[in-house]
Amino acid sequence: MTRFLLAVVSLVLVASAASAQQQQGRDTCTRDASRFCRPVLNDGDQAVLACLKEHRGRLSKPCQKTLADNGQ
C-alpha cells in the first residue's frame, strides 16, 4: 500500500511540474501570440503553437528560447 501511495504522489508531482512548465511557457509567449497569432487564439494550443513556429524569427528571445527548450 505504501508503494502505491508513493507512486500516486510521484505521478501527481510530475503532472504538476509539467503543468507549471507549460503555464510558464504560455506566460513567456503570451505577448507574441497576441501580436502574431490573434486570428487563431481560439483554435486551441496546437494552432497557436503552429502559428508561433511560423513566426519564429519575429518572436521575442524568451519565447524563442521556450520553444527551443521544449523541442519546438
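FYI, it's all coordinate maths here, none of it is from the lab. Quick caveat: nothing in here was measured; it's all calculated off a predicted structure. No Cβ is skipped: glycine too gets one built from the backbone with ideal geometry, and neighbour counts run over all protein chains shown.
Alpha-carbon geometry of the stretch 22-72: the Rg and the Dmax are 9.5, 26 Å, given in that order. With a cut-off of 14 Å between beta carbons, the residues surrounding E54 carry a summed charge of +3, where Lys and Arg count +1 and Asp and Glu -1.
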